[in-house]
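The values are calculated or read from the model by the stated rules, or taken from the named source; none is laboratory data. Everything numeric here is computed off the predicted structure, so don't read it as measured data. Neighbour counts run over all protein chains shown; Cβ positions are idealised from the backbone, glycine included.
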């Protein structure tokens, strides 16, 4: 099996970066986590803060055994697979190996591609720039919608109507617009108590 076939089967993956840090946002904020950021994204968010991740060909392609081996160095056992858009790849082999080695597996995804992998926590963050694949809704543990414009509240409710009833619902100010949108977000949550506010605490703390 050549490299291209191994990528197609999820046995090798392009890794932009991998690092041990503290989860900065969402329901698991504050927990130590090992992030695996896969290269490649076709969603194209205008406010993306990791646009360098979009081109998969720029990044080294690693065997999943090597990817997991690097995570084993650290004491924390929560792994977050992110991107880019991680669901561009078959994630079953990587998540199976991670779980075999004792990790809990999380994903942060726009849901723009068919769901794959065995995850303990699925953070679904839909984007207007590319519609989610229908398979994401039943798997989402957390719906996290970035608020960039006032129309994003309606966008959030549209997707909230499609996720399972146990899914946690969060709205998060887009970093560059937080000063303009934060009061509206606070008011929205006060009037819609089924939603919570997520903040990018890692940016306040200036950690990766």
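Does at least one position in region 196-203 carry a residue that is assigned to a strand (DSSP E or B) and in contact with a strand residue (DSSP E or B) (Cβ under 6 Å, 6 or more places away or on another chain)? For region 196-203, residues assigned to a strand (DSSP E or B) and in contact with a strand residue (DSSP E or B) (Cβ under 6 Å, 6 or more places away or on another chain): present. Checked against the criterion of being surrounded by fewer than 16 Cβ atoms within 10 Å (Cβ to Cβ), modelled with pLDDT under 95 and within 20 Å of residue 133 (Cβ to Cβ), region 54-66 has no qualifying residue.
Let's see how each residue does on (1) assigned to a strand (DSSP E or B); (2) over 14 Å from residue 142 (Cα atoms); (3) out of contact with any strand residue (DSSP E or B) (no Cβ under 9 Å at 6 or more places or on another chain); (4) without any contact (Cβ under 8 Å) to a residue 60 or more places away in the chain:
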{"position": "156", "(1), (2), (3), (4)": "no, no, no, yes"}
{"position": "164", "(1), (2), (3), (4)": "no, no, yes, yes"}
{"position": "172", "(1), (2), (3), (4)": "yes, no, no, no"}
{"position": "181", "(1), (2), (3), (4)": "no, yes, no, yes"}
{"position": "193", "(1), (2), (3), (4)": "no, yes, yes, yes"}
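Being at pLDDT 95 or above and buried (at least 16 other Cβ atoms within 10 Å of the Cβ) is true of residue 169. Here residue 150 fulfils each of the conditions (1) assigned to a loop (DSSP other than H, G, I, E, B); (2) under 19 Å from residue 194 (Cα atoms); (3) at pLDDT 95 or above; (4) out of contact with any strand residue (DSSP E or B) (no Cβ under 6 Å at 6 or more places or on another chain) apart from (3). Only a single criterion out of (1) touching a helix residue (DSSP H, G or I) at 6+ places or on another chain (Cβ under 8 Å); (2) more than 18 Å from residue 90 (Cα to Cα); (3) in a loop (DSSP other than H, G, I, E, B) is not satisfied by residue 21, namely (3).
The residues in region 23-52 that are crowded, with 20+ Cβ neighbours inside 10 Å and more than 21 Å from residue 199 (Cβ to Cβ) can be counted, and the count is 7. All of (1) modelled with pLDDT of 95 or more; (2) farther than 24 Å from residue 207 by Cβ; (3) not in a strand (DSSP E or B) hold for residue 28 with one exception: (2).
Can you tell me which residues in region 24-39 are more than 18 Å from residue 84 (Cβ to Cβ) and in contact with a helix residue (DSSP H, G or I) (Cβ under 6 Å, 6 or more places away or on another chain)? Listed by number, the list holds a single entry, 29.
If you go through region 102-147 and keep only what is within 14 Å of the chain's Cα centre (by Cα), surrounded by fewer than 23 Cβ atoms within 10 Å (Cβ to Cβ) and within 17 Å of residue 166 (Cβ to Cβ), you end up with 115, 119, 120, 121, 122, 139, 141, 142, 144.
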